[in-house]
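After the structure tokens below, expect a handful of questions from me.
Just so it is clear, none of the values below were taken in a lab; they were calculated from the coordinates. Remember, predicted model here, so these are calculated numbers, not experimental data. When we count neighbours, we look across all protein chains shown, and the Cβ atoms used for this are built from the backbone with ideal geometry, even at glycine.
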Amino acid sequence: MNQTQQPGEHVFLELRARDAWNQREYAAALTTAQEAASVARSNSDDNAWWNMTFLQAECMKKTGAFHDAQRLAESLRDDVLTQRYQDLSARVSTFLAGTLQGQGDLAAAAGEARRAVALAASAADSPDLRITAQHALIAALAESDQLDDAWEECLRLAELITPDVNSQTAGKAYWVIGNVAYLRRDAATGTDYHRRAASNLSPSNDLDLWARFNRASAALRLAGGVVEPETLECIERAELAASIVGGSERDKLELSLTRAHWLFLTAQYDAAVERLRPICNASSLIASQTAAEAYLLLGQALARSGDALEGLFQLEKSQELFRQSGAPDREAQVGKLIDEVHRRAEA
């Protein structure tokens, strides 16, 4: 290959990388984006290099390589172009918050998301950018049990949703507000916001996002004890969409966990145990706070089906994982369950 590339070559490669991304062929998108970034750098096209480097990080995150995505995004954060433009800095910090949350580092995720919110507010008028950053902050706060703070941020987020915001972004915003409402045990408000989200999100626009929304909606309904036909419909829609788009191993495990939660709450304990064991065996592939939920359900299902000893063992694993994740309220809740199982076993 000649040392000097043709000026249009990186444009062609960028189009190929974007097309692979749109087809959910993330490994191919990553490889092509790496090549496109290299050619753009040799042609001194800093904007194209930045976009293709960021796409690489997005591909890594999609395939579950959260640590690699974090490291690449951190290097991008230190780039001169990123530091020159606050909107780029906000995008990187928002992305980093997601990678940190995906690894179970909730305190760091919340800190990075707060930085993203501040940067987005200072950037040129971009409601989508501000909403995305606010979304990341709320998600990190909610998972770390800071529900009052998360709800305060939800109220700020709701003010940003105007008719000028595109429907996909509005749908994501309604989605996260509903999530926090469910976690606050306000099922009526949670259902209302998730219905608003569903009306703004379209499976024809992004089937993968539709699958993740329905899985998350079902998971939050179940966490709030909402065991209704509409909850099961969310699970089934997520499973159908996932069967079409595929997804990473993490995606599959999280969806299976949601189905297991449904089985547990409908008193199908043996079936729940059968589904939960492989999830717990592969817990290194999911965030530590998600793994904690899986061990919690497994421990409860085992105890309910008569195996209190192993149930306690799994509950203790759950408690430790919640502690590592920085979720003290959930850790304390599991501690109470452990005491309860001990009392029942001794009775």
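Given the options Q83, Q289, Q101, state which has the largest fluctuation in a GNM of the chain using a 10 Å cut-off (strictly under) for Cα springs.
Taking springs between Cα atoms under 10 Å, the residue moving most is Q83.
Which residue, A272, A282, A327, tops the fluctuation ranking in a GNM of the chain built on C-alpha contacts under 10 Å?
Judging by the Gaussian network model, the answer is A282.
Just how far, in whole angstrom, is segment 68-115 from segment 257-293 if you go by their alpha carbon centroids?
Using only Cα atoms to place each centre, the spacing works out to 30 Å.
May I pose another question? Helix 167-183 against the longest principal axis of the chain: what's the angle in degrees, Cα atoms only, rounded to the nearest 10?
With both axes taken from Cα atoms, the answer is about 30 degrees.
Can you tell me the orientation of helix 9-22 relative to the chain, as the angle in degrees between its alpha-carbon axis and the longest Cα principal axis, to the nearest 10?
20 degrees
Continuing with this model, one more query. Cα axis of helix 328-346 to longest principal axis of the chain: angle in degrees, 0 to 90, nearest 10?
Approximately 30 degrees, to the nearest 10.
What is the P(r) of the chain, as percent of Cα-Cα pairs per 20 Å bin from 0?
28, 56, 15, 1
Which shape class, rounded, prolate or oblate, goes with segment 1-92 when its Cα gyration tensor gives a ≥ b ≥ c as root eigenvalues, a/c under 1.5 marks rounded, and past that a/b bigger than b/c marks prolate? Can you show the working numbers first?
Numbers: a/c = 1.95, a/b = 1.12, b/c = 1.74.
Here segment 1-92 falls in the oblate category.
Further question: Suppose every K and R has +1 on its Cβ and every D and E has -1 on its Cβ; what is the size of the dipole of segment 203-347 about the Cα centre, in Debye to the nearest 20?
100 debye
Output the Cα-based Rg and Dmax of segment 249-347 in Å, rounding Rg to one decimal and Dmax to a whole number.
12.6, 42
How compact and how long is segment 58-165, expressed as Rg and Dmax of its alpha-carbon atoms in Å?
Computed over the Cα atoms of segment 58-165, radius of gyration and Dmax are 13.5, 37 Å.
Tell me what the chain gives for mean residue ellipticity at 222 nm when only DSSP H runs of n ≥ 4 count, each as -39,500 (n - 2.57), the sum divided by the residue total, rounded to 500 deg cm²/dmol.
-26500 deg cm²/dmol
Mind counting lysine pairs for me in the chain? Cα separation below 27 Å, and the two need to be 8 or more apart along the chain or on different chains. It would help to have the intermediate numbers written out before the result.
Numbers: K61/K172; K61/K252; K61/K317; K62/K172; K62/K252; K172/K252; K252/K317; K317/K336.
Pairs that pass both the separation and distance tests number 8.
For the chain, set up a Gaussian network in which alpha carbons nearer than 10 Å are linked by springs, and say which option among S44, S283, S202 fluctuates the most.
So, out of S44, S283, S202, the one fluctuating most is S44.
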